[in-house]
Every structure is written in structure tokens, then in C-alpha cells.
Amino acid sequence: MMELQPSFQLNGEISLLDFKIVVLLVDDQQLIAEAVRRLLAGHEDIEFYYCSDPAMAIKEVLRIRPTVILQDLVMPDIDGLTLLKYYRAHPDIRNIPVIVLSVKEEPKVKSEAFYLGANDYLVKLPDEVELVARLRYHSKAYVYQLQRDEAFKALQESQQRLAEMNKRLMRLSILDGLTGIPNRRRFDESLGIEWKRAIRNKTPISLILMDIDYFKLYNDHYGHQEGDECLKKVAKTLESLIQRPTDLVSRYGGEEFVALLPETGPDGAMILAERMRHTIEELCIPHQKSKVSECVTLSLGVASVVPEKGESAEKLVEMADKALYKAKQSGRNRVELFHFHSA
């Protein structure tokens, strides 16, 4: 495909700076070819090519890449209408404008030519002014179409890249940079959505707030790099323990994690919390400075409620936080459930 350099004028219209009209004549008569060549010889913006063998026409079109084809209708072996069908069936040629040439004005033949995809019809030989005007008109229309197609393709590719980038940015914005699990922002958004749904459906919603026991001592002893590795292992393990797509495990901050469990009552939340505590302990990540175990452990606070209209989701977080505080005060490496009478 030839390279085009469009420029944009002040009125918004596109002009073509380095644009040459490339004409391919397919005609078995040398005299016609010579006559057309002479008609176009004085026009520097027109390049003329000639193909005398209709069997070679497709190959020549692909080689030359004309902006317009002049096609004789009556030729030996392959007539012009059949060749026109071939043009329109070929994916790399179908949009190139074709002006058919005939020895006389025949309405039936003219009608069939247009039906098969011809763009114009001329009785040969037309005068120079008419021929050049039509060549320029159809070539310009074709070039504009190429530009629109390229622009549209570029726009589609740009939009696709932008959509992919936005998806990646959105994903990054809701994931914790260190652990790769959902972050506090994602938790807050999900809690708000699930809280409203629980009010609307009158269903329970539960929260597990958890904290790595004596994590500051872990960091001080093993270093922050090992501390980061510990956080990653704990996060991925906790995330692997949830089964339902509606459940969510997030990093809440520092060494704290939270599990959001829609449509889950206290019994189900307690079972999952105990499984989490036990599984982390079974990882046996060494923690020599822990005051409750030789391995990394969790303290977990569980809260569950069927929210009512007008209540804030912060209520559930506060309940879980109080239960977590009680787990820490009661010796750590344990699960505690919030009880309303203890509030």
C-alpha cells in the first residue's frame, strides 16, 4: 500500500500532499493503451501502467497497487465482466475503484457492470478532460477510504490498548502491592455493596478480622525482607481458604487481614476462622520471638449480624475489632466471636 501524508487544513478538510494517482489499464488493444497514455502524459500527478493480458491482471494489480483500474469489457479468453467479479472477490483488490471501458453505450451491459461492482462506465475513448476528472475523482475517494480505514483501525487499536491499560490499572488499584490480594480499598467497596444487599435481602453478613501475632518482633528479628515474605505466605494461604466467589480476603493494613463473608452466619464464620488459624499455624513459619508459639500464628475476631435499614457497615467492623482485641487479651493464637452482651 502506498504511503499517504494527509494534512489538516483550518476548515477541517483533509488535503493530500504527496498523493499520486496510479492508473492501471487492462486492455488487449495496444492502440487504446497508447491513446490513453498520451491523454495522461501531461499530468505529473498521474502514473500510468498497462496490462495487455487479462490473465495477468490480478497479478499486476497486486504488484502496482493502483488507485484506479481502467478495465476493457471485451477481451479474448477472459471478458471484462468476469474479471470484474474476480476483482470484487479478492480481499486486497475489492475496494479499488474500477472504470469499465466499452465501445458504445449499452444500457444492459452498463447495468450488469454496475451490478458486479464497477464504479464508473466510459465509452472509449473519452476526451482528456473527462477521463482525467474521473480518474482523479475515483482515486481521491479511494485514498480517503484508505485513510478512514487506517484511522479507524488505529482508533480501534488505541481503544483496545487503553481498555487493557485501564483494566490493568483498575486491577492494580484494588490489589495490595506487596501480597497481591485485594487491598483495603477493595474491601471497603465490597463491604458497602454487600452491606446494602444484606439489608435489602435481610440476610446475615460476617466479618473475620485477623492479626499476625507479635509481627513487630518478627520484623525486628528476621528483618523486613523476611517480614514481607511472611506477609505474602499468610495472605495467599488465607485467600486459598475461601471457596465462594462472593467471599473476599483482603489486606486490611500492616499485619492485619480481613475476610468478608456475605450470607454467612456466626457458625459458618467461626468454622472458617478456626480453619484459617489452624492452617496458618500448620505452615510452621519460624517465629523465635513469638510469645505464644515457635511458629507464626493468628489472632482472629469474628462478628456476624443481620443489618437493618439505617445501620452503618462500620458497626460490623467495630464488632470484629472488639472480638479481635478480646482474642489478643485472652492469649492470642485463638478465635473469638463478638457477643452483643459484651459490647
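Being free of Cβ contacts under 8 Å to residues at least 40 places away in the same chain and closer than 30 Å to Val302 by Cα narrows it down to one residue among Asp188, Asp211; which is it? Asp188 is the lone residue from the list that is free of Cβ contacts under 8 Å to residues at least 40 places away in the same chain and closer than 30 Å to Val302 by Cα.
Total residues in region 61-73 satisfying the condition of being crowded, with 18+ Cβ neighbours inside 10 Å and either of a type in the set (D, E, K, R) or touching a residue at least 40 places away in the same chain (Cβ under 8 Å) (or both): the figure is 8.
Let's see how each residue does on (1) more than 14 Å from Val68 (Cβ to Cβ); (2) outside the structural domain of Gln71 (by TED's automatic domain parsing); (3) in contact with a helix residue (DSSP H, G or I) (Cβ under 6 Å, 6 or more places away or on another chain); (4) touching a residue at least 12 places away in the same chain (Cβ under 8 Å):
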site: Arg88; (1), (2), (3), (4): yes, no, no, yes
site: Pro97; (1), (2), (3), (4): no, no, yes, yes
site: Lys104; (1), (2), (3), (4): yes, no, no, yes
site: Pro107; (1), (2), (3), (4): yes, no, no, no
site: Leu122; (1), (2), (3), (4): no, no, no, yes
site: Glu128; (1), (2), (3), (4): yes, no, yes, yes
site: Arg134; (1), (2), (3), (4): no, no, no, yes
site: Tyr137; (1), (2), (3), (4): no, no, no, no
site: Leu146; (1), (2), (3), (4): no, no, no, yes
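What do you reckon, is Asp176 surrounded by fewer than 15 Cβ atoms within 10 Å (Cβ to Cβ) and either out of contact with any Lys or Arg (no Cβ under 7 Å at 6 or more places or on another chain) or farther than 30 Å from Glu47 by Cβ (or both)? Answer is no for this residue. Can we say Leu83 is of a type outside the set (Val, Ile, Thr) and either modelled with pLDDT of 90 or more or under 26 Å from Ala41 (Cα atoms) (or both)? In short, no. When Val109 is tested against (1) at pLDDT below 85; (2) surrounded by 18 or more Cβ atoms within 10 Å (Cβ to Cβ), only condition (2) is not met. Just so you know, in region 261-305 the residues that are of a type in the set (Val, Ile, Thr) and out of contact with any helix residue (DSSP H, G or I) (no Cβ under 7 Å at 6 or more places or on another chain) include one that is surrounded by the most Cβ atoms within 10 Å (Cβ to Cβ), and it is Thr264.
Quickly run through region 161-184 and pick out the residues that are touching a residue at least 12 places away in the same chain (Cβ under 8 Å) and within 24 Å of the chain's Cα centre (by Cα).
Ser173, Ile174, Asp176, Gly180, Ile181, Pro182, Asn183
Taking first residues from region 193-206 that are basic (Lys, Arg) and partners that are not in a loop (DSSP other than H, G, I, E, B), the Cβ contacts under 8 Å between residues at least 6 apart in sequence or on separate chains come to Arg197/Pro262. Flag: Arg251 does not match the condition of being under 20 Å from Asn183 (Cα atoms) and at pLDDT below 95.
Condition first: modelled with pLDDT of 95 or more, part of a strand (DSSP E or B) and surrounded by 14 or more Cβ atoms within 10 Å (Cβ to Cβ). Can you find one or more residues in region 215-233 that meet it? No: region 215-233 contains no residue that is modelled with pLDDT of 95 or more, part of a strand (DSSP E or B) and surrounded by 14 or more Cβ atoms within 10 Å (Cβ to Cβ). Determine, yes or no, whether Ile78 is within 13 Å of Val26 (Cα to Cα) and aliphatic (A, V, I, L, M). Taking the combined requirement at face value, the residue satisfies it.
Working only within region 288-343, note down all residues that are without any contact (Cβ under 8 Å) to a residue 24 or more places away in the chain and part of a helix (DSSP H, G or I). Correct list: Glu314, Lys315, Glu318, Lys322, Gln329, Phe340, His341, Ser342.
If you go through region 194-213 and pick out every residue that is assigned to a helix (DSSP H, G or I) and either surrounded by 15 or more Cβ atoms within 10 Å (Cβ to Cβ) or within 26 Å of the chain's Cα centre (by Cα) (or both), you end up with 5.
The values are calculated or read from the model by the stated rules, or taken from the named source; none is laboratory data. Note that the coordinates shown come from a computational prediction; the quantities given were computed from them, not determined experimentally. Backbone-built Cβ (ideal geometry, glycine too); neighbour counts: all protein chains shown.
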